[in-house]
Each structure stands twice: as C-alpha cells, then as structure tokens.
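Asker: The structure follows.
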Amino acid sequence: MCLSKAIMMRIYLKEWRTFRGYRLKQVAALAGYTVQHLSNVENGRGGLSQEAIERLAAVLGCSVTDLMSVDPTLEATNRLIKTGTAQELAQLGSIFHSLAKIVRDYPERLPLALQAAQRLVAHSRTS
C-alpha cells in the first residue's frame with residue numbers, strides 16, 4: 001500500500017487518548033486534524049495516512065507500533081497483575097467484584113462503572 005493512502009485498520013486512538021487524559025478536541029488541535037475526522041477514525045469510519053499515524057503517536061506520547069497494536073489500559077492492568085503484591089491484587093479483585101455487581105444490579109450505570117475502572121487503571125500507573 002502506498003504510504004500516502006489512508007490506512008483502514010484498527011488503531012487504538014481512543015484508548016491512547018483517554019489513557020493520556022485528552023479530549024478528542026485537544027488531540028485534534030495538537031495533531032492538526034478536525035474533530036470530525038478523528039471521531040470517524042475512532043469509530044472505524046475513517047482511515048489515516050502513515051504521516052497522520054506518526055503525528056498522532058507523537059502527540060499521544062507512544063510509538064506508532066503501540067498506537068496500532070497496544071490497548072494501554074489493558075497493558076497497565078496486566079502490569080499491575082504481574083507485579084502487584086498479594087494485598088494489591090486482593091484490593092484489585094475487590095474493586096472489580098464491586099464494579100461487576102454494580103453493572104449486574106444497575107445495567108444503566110455501565111458507562112459510569114467503565115469510567116471508574118479506567119480511572120483506577122490510570123491511577124495504578126501513577127502509584
């Protein structure tokens with residue numbers, strides 16, 4: 001495929017953006033793209049050129065390879081699971097058990113539970 005053509009493949013733009021704490025509008029402004037274009041990319045309705053992928057990776061502070069192949073929220077959780085103490089893992093299990101109960105008992109609160117889980121994962125990176 002020619003590098004100037006748009007690449008239509010799964011990238012982890014939204015995951016990296018939220019992992020870094022950016023809003024879509026901020027990333028669009030920093031990378032020089034419209035909010036609509038990046039929204040289309042995040043929702044699988046648009047592609048990016050190689051140059052655009054490189055620019056977005058630079059804005060998000062990750063490598064092109066990571067942007068295209070790594071969900072950073074899962075990586076942070078996996079790192080905690082691999083390196084956490086028994087106490088930390090017990091706390092993590094308790095937290096996810098509580099989140100699962102909320103989702104089961106109050107399915108309309110799923111978006112809030114997901115936001116809470118993302119904040120916990122982000123917090124685990126900085127702790």
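Asker: Which condition breaks for residue 19 when tested against (1) surrounded by fewer than 14 Cβ atoms within 10 Å (Cβ to Cβ); (2) modelled with pLDDT under 90?
Answerer: For residue 19, the exception is condition (1).
Asker: Check 67, 74, 92 and return the single one that is modelled with pLDDT of 75 or more, part of a helix (DSSP H, G or I) and crowded, with 16+ Cβ neighbours inside 10 Å. Before you say what the answer is, go through the steps one by one.
Answerer: On the way: 74 fails: crowded, with 16+ Cβ neighbours inside 10 Å; 92 fails: modelled with pLDDT of 75 or more.
Only one candidate passes the filter, namely 67.
Asker: Of the residues 122, 113, only one is assigned to a helix (DSSP H, G or I), surrounded by 12 or more Cβ atoms within 10 Å (Cβ to Cβ) and modelled with pLDDT under 70; which?
Answerer: Unique residue meeting the criteria: 122.
Asker: Further, regarding this structure: What about residue 104, is it of a type in the set (D, E, K, R), in a helix (DSSP H, G or I) and modelled with pLDDT under 85?
Answerer: Numbers: of a type in the set (D, E, K, R): yes; in a helix (DSSP H, G or I): yes; modelled with pLDDT under 85: yes.
Against the criterion (of a type in the set (D, E, K, R), in a helix (DSSP H, G or I) and modelled with pLDDT under 85), residue 104 qualifies.
The values are calculated or read from the model by the stated rules, or taken from the named source; none is laboratory data. Quick caveat: nothing in here was measured; it's all calculated off a predicted structure. FYI the Cβ positions are ideal-geometry reconstructions off the backbone, even for glycines, and counts take in every protein chain you see.
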